[in-house]
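Chemist: My structure is below; once you've seen it, I'll send some questions.
Computed from the coordinates by the stated procedures, all read-outs in this text should not be read as laboratory data. Everything numeric here is computed off the predicted structure, so don't read it as measured data. Every residue, glycine among them, receives a Cβ derived from its backbone with ideal geometry; neighbour counts consider all protein chains shown.
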Amino acid sequence: MNLPADFDHPSWLTAFGTLAGYGAILLAMFVALFLLPYAAFLVLG
């Protein structure tokens, strides 16, 4: 069994790219929905 060759299929690249994209979107939403309002309340409050 050759493990590096098993992960050489394009579907693995697609799966990892999809997960990375969803992770980036979730991180951006977390910053926009939680960190920016928290910072605004610290500065304005």
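Chemist: Return the calculated 222 nm mean residue ellipticity for the chain, to the nearest 500 deg cm²/dmol, obtained by summing -39500 (n - 2.57) across DSSP H runs with n ≥ 4 and dividing by the residue count. Don't jump to the answer; show the numbers that get you there.
Modeler: Working: 3 runs with 34 residues, N = 45.
Counting only the DSSP helices, I get -23000 deg cm²/dmol.
Chemist: What order, most packed first, do the peptides 37-45, 20-28 have when packing is the mean number of other Cβ atoms within 10 Å of each residue?
Modeler: Values: 37-45: 8.4, 20-28: 10.0.
Ranked from most to least packed, the peptides come out as 20-28, 37-45.
Chemist: May I ask for log10 I(q)/I(0) of the chain at q = 0.14, 0.21, 0.23 Å⁻¹, from a Debye sum over the Cα atoms as equal point scatterers with solvent left out?
Modeler: Log-scaled intensity ratios, in q order: -0.53, -0.73, -0.79.
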